[in-house]
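The values are calculated or read from the model by the stated rules, or taken from the named source; none is laboratory data. Quick caveat: nothing in here was measured; it's all calculated off a predicted structure. Cβ placement follows ideal geometry from the backbone for every residue including glycine, while neighbour counts extend to all protein chains displayed.
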Amino acid sequence: MTNRTWTGLALVAALVGGSAPVLGHHSFAAQYDAARPVEMKGTVTKVEWTNPHVYLYIDVPQKGGKTANWGFEMGPPHMLQKAGWKKNGLAIGEEISIEGWQARDGSNTANARRVTRTSNGEVLGAASSAGQTLTGSSQAAPATRPAK
């Protein structure tokens with residue numbers, strides 16, 4: 001191969017490789033609907049502690065005894081850790097309530113803004129992508145609060 005061919009291949013590889021992170025990220029408004037808030041209670045089934053976002057999955061009881069599994073996108077691990085989260089902080093089977101905004105496509109996915117432990121009322125922020133603080137309010141607040 002000629003130098004020109006190698007240069008062309010290197011340029012294509014750089015463009016494709018350099019664009020992957022840009023293609024993988026999305027804006028809140030592109031995927032979630034701020035006009036469709038959701039609030040549900042359920043049991044933790046899985047936590048994916050990965051970049052660029054942590055995902056939390058819960059089984060939510062439905063009418064007729066069935067359950068629906070919901071996936072909630074949260075912020076990046078480093079933001080959750082700064083707020084006091086630990087990678088294994090929520091146990092599989094733990095009961096929680098969670099607030100957020102449903103996906104625009106109507107699927108069982110949402111962007112989380114607040115996670116609350118049912119056992120003790122501890123509020124955990126979710127480092128939401130909607131411009132919210134870690135506790136889901138528009139003003140800075142502590143990441144956890146004692147039960148009322």
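Out of region 106-148, which residues are among the small types (Gly, Ala, Ser) and at pLDDT 90 or above?
Gly106, Ser107, Ala110, Ala112, Ser119, Gly121
Tell me whether region 77-85 contains one or more residues that are under 20 Å from Gln31 (Cα atoms) and aromatic (Phe, Trp, Tyr).
No, that holds for no residue.
Only one of these is modelled with pLDDT of 70 or more and under 14 Å from the mean Cα position of the chain (by Cα): Thr43, Thr50. Name it.
When all the criteria are applied, what remains is Thr50.
In region 36-59, which residues are free of Cβ contacts under 8 Å to residues at least 24 places away in the same chain and of a type outside the set (Phe, Trp, Tyr)?
Glu48, Asp59
Give me the residue from region 53-88 that is surrounded by 15 or more Cβ atoms within 10 Å (Cβ to Cβ) and among the small types (Gly, Ala, Ser) and, out of that set, modelled with the lowest pLDDT.
Once the filter is applied, the top-ranked residue is Ala83.
Quick one: is Val123 without any contact (Cβ under 8 Å) to a residue 24 or more places away in the chain, aliphatic (A, V, I, L, M) and either in contact with an Asp or Glu (Cβ under 8 Å, 6 or more places away or on another chain) or surrounded by 15 or more Cβ atoms within 10 Å (Cβ to Cβ) (or both)?
It is true that Val123 is without any contact (Cβ under 8 Å) to a residue 24 or more places away in the chain, aliphatic (A, V, I, L, M) and either in contact with an Asp or Glu (Cβ under 8 Å, 6 or more places away or on another chain) or surrounded by 15 or more Cβ atoms within 10 Å (Cβ to Cβ) (or both).
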